[in-house]
Structure formats: C-alpha cells, structure tokens
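The block underneath contains the structure these notes are about, expressed in structure tokens.
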Amino acid sequence: MLTSNFPVTLTKTPRVKPTAEERGFGKYFSDHMFLMNYDKGQGWHDPRIVPYGPLTLEPSAMVLHYAQTVFEGLKAYRRADGHIQLFRPDANIQRMKDSCERMCIPAIDETLYLNALKELVTLDADWVPSEPETSLYIRPFVFATEAHVGVHAAHSYLFIIFTSPVGSYYPEGINPVRIMIESRDVRAVRGGTGYCKCGGNYAASLRAGEKASAAGFTQVLWLDGVHQKYIEEVGSMNVMFKIDGRIVTPELNGSVLPGVTRRSCLELLRDWGYEVEERLLSAQELTEAAASGRLEEAWGTGTAAVVSPIGEIFLDGKDYRINDFKIGPVTQRLYDHITGIQWGTIPDDKNWTVLVK
Ligand code: COI
C-alpha cells in the first residue's frame with residue numbers, strides 16, 4: 001500500500017502498456033499524473049495525484065496566447081536489481097526554478113517537487129521498462145491558467161508531472177545522426193529565453209527543423225542569434241567536439257540551455273584528464289577543422305538523446321563527414337559511463353542517482 005504525502009486518486013481504467021516494438025519515444029503515457037495549482041494570494045496548493053487524462057482550460061487561458069510556460073525532462077531507470085532511480089533530479093529542479101524566474105512563474109518548493117517525482121514514479125513503477133536502453137521519461141511542466149486577455153504575469157498556474165515509457169529518442173539509436181547548420185532562422189538570443197526550457201524556444205525552432213527533416217537531416221545545429229556565426233546547440237541536445245585532442249563546447253552564454261547531461265559529461269571528461277574548452281566556436285572554425293581532418297569526433301548530449309554521435313554536419317551546400325560516420329571512442333566512453341550510472345551497472349561515485357523504490 002502506498003503511503004503518500006499527497007491525496008491519490010487511483011485510475012479505474014488502467015491504460016494498456018506498449019510493447020517494446022510500439023514504445024518509441026513520447027507516444028505512450030503512464031496511468032497517473034501529479035497536479036498542483038497556484039493562485040495569487042493562496043500560493044501553491046492542492047498537490048495531488050490523479051489518473052492521467054485531459055484537462056479543462058478556458059480558451060482565454062493566458063498560456064495559449066502569451067506562452068507563459070516552462071518544462072523539464074528527466075528520466076527514471078530500472079536497475080538490474082529491480083530498484084528504480086532518478087538521474088540528478090536536483091539539477092532539473094534547479095533549472096526549472098531558473099526557467100520559472102525568467103518567465104515570472106512562482107517558484108515551486110524543491111522538497112515537494114522531489115517528493116512528487118518519487119511518489120508518481122513509485123505509484124507507476126510497473127511503467128518503468130526493463131529492456132536495455134529504455135527508461136521512464138518524466139515531463140514536469142507549469143503554465144499560466146488565468147483566463148484573461150492582456151499581457152502580464154498570470155495570477156494562476158497549473159504544475160503537472162506525467163511520465164512516459166521510452167526507448168531511444170532518435171530512430172538512429174546510438175548510430176550517428178546527420179545535422180544541418182541553420183543560417184537563416186535563429187533559435188534564441190542572449191537576454192531572451194534561450195537558457196530556459198520554455199515552449200517558445202521550441203516553437204521558434206520548428207521551421208528550420210521541418211526544412212532539415214525534409215532534406216534528410218535528423219536535427220538543426222543552431223548558430224548564435226546576433227552574429228549568426230557561432231555554434232550554440234541542437235535544440236534537443238547540447239553539442240561537443242573533439243578537435244586536435246581537445247574537447248570544445250559552446251560556453252553557456254545565456255542563449256544555450258544548461259544541459260544536465262552536458263554538465264555531467266564535462267565533469268567526467270575533466271576527471272578523465274581531457275582539456276575541456278567552453279568557449280565561442282565559430283561554424284567556420286568547425287568546418288575548417290572538419291575539412292582538414294582535425295575534427296576527430298562530434299556528439300550531442302541531452303536527457304532524451306543521452307549521448308548521441310554526430311556523423312555528418314551540413315553547411316551552405318557542403319557535407320562534412322566526421323570519424324567516417326562512426327561513433328568515436330570518447331563518445332562511446334561517455335555513453336557507456338553515463339548510461340552505466342543511470343542503469344546502475346557501474347558504481348555511482350558522483351552521487352548523481354536518487355533511489356525511488
Ligand atoms: C530532453 O532532452 O529531455 C528534452 O526536453 C528535449 C526534448 C526535445 C525532448
């Protein structure tokens with residue numbers, strides 16, 4: 001029997017779980033979700049777990065017009081011993097706090113947030129898949145519910161957490177992806193919202209994403225919004241390159257998302273003795289390094305994507321192949337180490353994991 005800090009309404013109609021073949025990424029949702037309301041004067045109130053299902057919103061709900069919303073993404077992993085663990089939930093909770101601050105959304109108590117994650121995952125524990133390379137993706141998000149036409153920070157919000165059993169984010173799995181550098185649209189600018197996980201950043205990325213996809217690329221690699229010169233991120237992941245033996249990654253300049261997997265990889269790479277440079281990296285420097293054979297490896301990092309090799313970069317009509325379109329040794333080592341900690345097959349010396357069950 002579950003003892004909970006929150007009132008729990010159990011579903012009367014359990015959902016059908018997908019088979020391994022059906023699962024994919026983000027298509028199926030577990031039985032329950034966590035909800036909590038905010039109203040001005042009252043603060044956050046009524047935390048509860050209820051069956052997953054549709055919401056009722058007024059057409060004038062402010063999020064639908066002014067996009068006052070932020071989200072997070074983290075995962076729960078089933079270990080071989082059956083225990084379930086989260087990876088660095090404190091980092092996601094902190095990032096959501098930073099995103100909320102930027103978007104004028106009232107902060108959520110961090111202890112309550114962590115308890116909500118643990119209790120929801122515990123309740124729907126049988127939704128955490130156990131096959132290799134699978135996990136339960138957790139999507140916390142908050143949005144303005146106030147019914148009002150007019151631009152101001154809303155006076156009411158809803159915080160929701162739901163979960164989804166997933167396999168790999170890219171159909172390519174751990175095989176290299178093809179990435180297109182976008183030189184027309186920009187995703188974010190410094191002083192804007194690039195560093196926070198708000199829906200608008202993703203909406204702005206769609207046009208270039210559709211164009212890249214139609215041309216056969218997996219994702220867009222964004223340049224900075226001012227000079228349209230410097231590499232920033234992919235949108236679904238941060239990027240890292242091995243150039244002349246050194247690891248180079250775009251610095252966190254305000255328009256790049258501070259990824260939890262990014263931070264974890266940089267920590268491991270420094271522990272392993274690599275020289276890591278967080279700095280401006282122009283597309284020209286990158287393509288010159290690729291053309292002269294000094295770009296040894298490229299990979300993306302993200303909760304959904306984990307560590308994903310980049311096998312080809314496309315810019316201005318030219319293709320640059322990296323490491324013969326094969327996963328490189330540093331990318332493989334990072335993937336093995338990060339996922340080893342996540343799935344509990346190697347010791348978590350860093351204390352990054354939090355047990356839920
Ligand atoms: C994540 O990596 O968790 C994200 O939120 C990226 C999203 C495009 C799935």
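The values are calculated or read from the model by the stated rules, or taken from the named source; none is laboratory data. On a predicted model such as this, the values are computed, not experimentally measured, just so you know. Cβ sites come from the backbone with ideal geometry, for glycine too, and all protein chains shown count toward neighbours. For accessibility, only protein heavy atoms count, side chains too; no ligands or nucleic acids. Shrake-Rupley method; radii C 1.70, N 1.55, O 1.52, S 1.80 Å.
Any idea which residue in the stretch 337-357 is farthest from ASP124 (Cα to Cα), counting only those that are free of Cβ contacts under 8 Å to residues at least 40 places away in the same chain and surrounded by fewer than 13 Cβ atoms within 10 Å (Cβ to Cβ)?
Here the answer is ASP349.
Return a yes/no flag: does the stretch 155-164 have any residue that is within 15 Å of the ligand (Cβ to nearest atom), within 20 Å of the chain's Cα centre (by Cα) and under 19 Å from THR339 (Cα atoms).
Yes, the stretch 155-164 contains a residue that is within 15 Å of the ligand (Cβ to nearest atom), within 20 Å of the chain's Cα centre (by Cα) and under 19 Å from THR339 (Cα atoms).
Can you pull out every residue in the stretch 201-241 that is assigned to a loop (DSSP other than H, G, I, E, B), closer than 28 Å to ARG88 by Cβ and over 16 Å from the mean Cα position of the chain (by Cα)?
Hits for the stretch 201-241 are THR218, TRP222, ASP224.
Name, by its number, the condition in (1) within 29 Å of THR301 (Cβ to Cβ); (2) more than 16 Å from the ligand (Cβ to nearest atom) that does not hold for PRO59.
It is condition (1) that PRO59 fails.
Is there a residue in the stretch 144-152 that is over 20 Å from VAL306 (Cα atoms), surrounded by fewer than 20 Cβ atoms within 10 Å (Cβ to Cβ) and free of Cβ contacts under 8 Å to residues at least 40 places away in the same chain?
Within the stretch 144-152, one or more residues are over 20 Å from VAL306 (Cα atoms), surrounded by fewer than 20 Cβ atoms within 10 Å (Cβ to Cβ) and free of Cβ contacts under 8 Å to residues at least 40 places away in the same chain.
Looking at (1) within 16 Å of the ligand (Cβ to nearest atom); (2) open to solvent by less than 50 Å² (accessible area, probe 1.4 Å), which is the one condition that is false for PRO51?
Going through the list (1) within 16 Å of the ligand (Cβ to nearest atom); (2) open to solvent by less than 50 Å² (accessible area, probe 1.4 Å), PRO51 breaks only (1).
For residues in the stretch 260-302 being polar (S, T, N, Q) and within 27 Å of ARG184 (Cα to Cα), which is farthest from the ligand (Cβ to nearest atom)?
Across the stretch 260-302, the extreme among qualifying residues is SER292.
Cβ-Cβ below 6 Å, separation at least six or inter-chain, first residue in the stretch 39-64 and under 17 Å from ALA116 (Cα atoms), second open to solvent by 30 Å² or more (accessible area, probe 1.4 Å) and in a strand (DSSP E or B): which pairs?
Short answer, once both residue conditions are applied: TRP44/TYR38; HIS45/ASN37; ASP46/ASN37; ILE49/VAL8; TYR52/PHE162.
Pairs please, first residue from the stretch 242-258 and assigned to a strand (DSSP E or B), second anywhere and open to solvent by 30 Å² or more (accessible area, probe 1.4 Å) and among the hydroxyl-bearing types (Ser, Thr, Tyr), Cβ atoms under 6 Å, 6+ apart in sequence or on different chains.
Correct list of pairs: ILE247/TYR274.
Please enumerate the residues belonging to the stretch 248-280 that are buried (at least 22 other Cβ atoms within 10 Å of the Cβ), more than 17 Å from the chain's Cα centre (by Cα) and aliphatic (A, V, I, L, M).
The one that is buried (at least 22 other Cβ atoms within 10 Å of the Cβ), more than 17 Å from the chain's Cα centre (by Cα) and aliphatic (A, V, I, L, M): VAL248.
Exactly one of these conditions fails for VAL70: (1) more than 16 Å from the ligand (Cβ to nearest atom); (2) in contact (Cβ under 8 Å) with a residue 60 or more places away in the chain; (3) assigned to a strand (DSSP E or B); (4) more than 25 Å from PRO132 (Cα to Cα). Give me its number.
Among (1) more than 16 Å from the ligand (Cβ to nearest atom); (2) in contact (Cβ under 8 Å) with a residue 60 or more places away in the chain; (3) assigned to a strand (DSSP E or B); (4) more than 25 Å from PRO132 (Cα to Cα), the lone unmet condition for VAL70 is (1).
How about the stretch 181-200: which of its residues are open to solvent by 30 Å² or more (accessible area, probe 1.4 Å) and either under 20 Å from GLY311 (Cα atoms) or more than 19 Å from the chain's Cα centre (by Cα) (or both)?
SER183, ARG184, VAL186, VAL189, ARG190, GLY191 - these are the residues of the stretch 181-200 that are open to solvent by 30 Å² or more (accessible area, probe 1.4 Å) and either under 20 Å from GLY311 (Cα atoms) or more than 19 Å from the chain's Cα centre (by Cα) (or both).
When the residues of the stretch 88-138 are filtered to those that are in a helix (DSSP H, G or I) and of a type in the set (Lys, Arg), which remaining residue is nearest to the ligand (Cβ to nearest atom)?
Taking the candidates together, the pick is ARG95.
Do we have GLY254 as more than 16 Å from the ligand (Cβ to nearest atom), at positive phi and among the small types (Gly, Ala, Ser) here?
Considered against the rule, which asks whether it is more than 16 Å from the ligand (Cβ to nearest atom), at positive phi and among the small types (Gly, Ala, Ser), GLY254 comes out as yes.
Is one or more of the residues making up the stretch 21-30 open to solvent by 20 Å² or more (accessible area, probe 1.4 Å) and acidic (Asp, Glu)?
Yes, some residue in the stretch 21-30 is open to solvent by 20 Å² or more (accessible area, probe 1.4 Å) and acidic (Asp, Glu).
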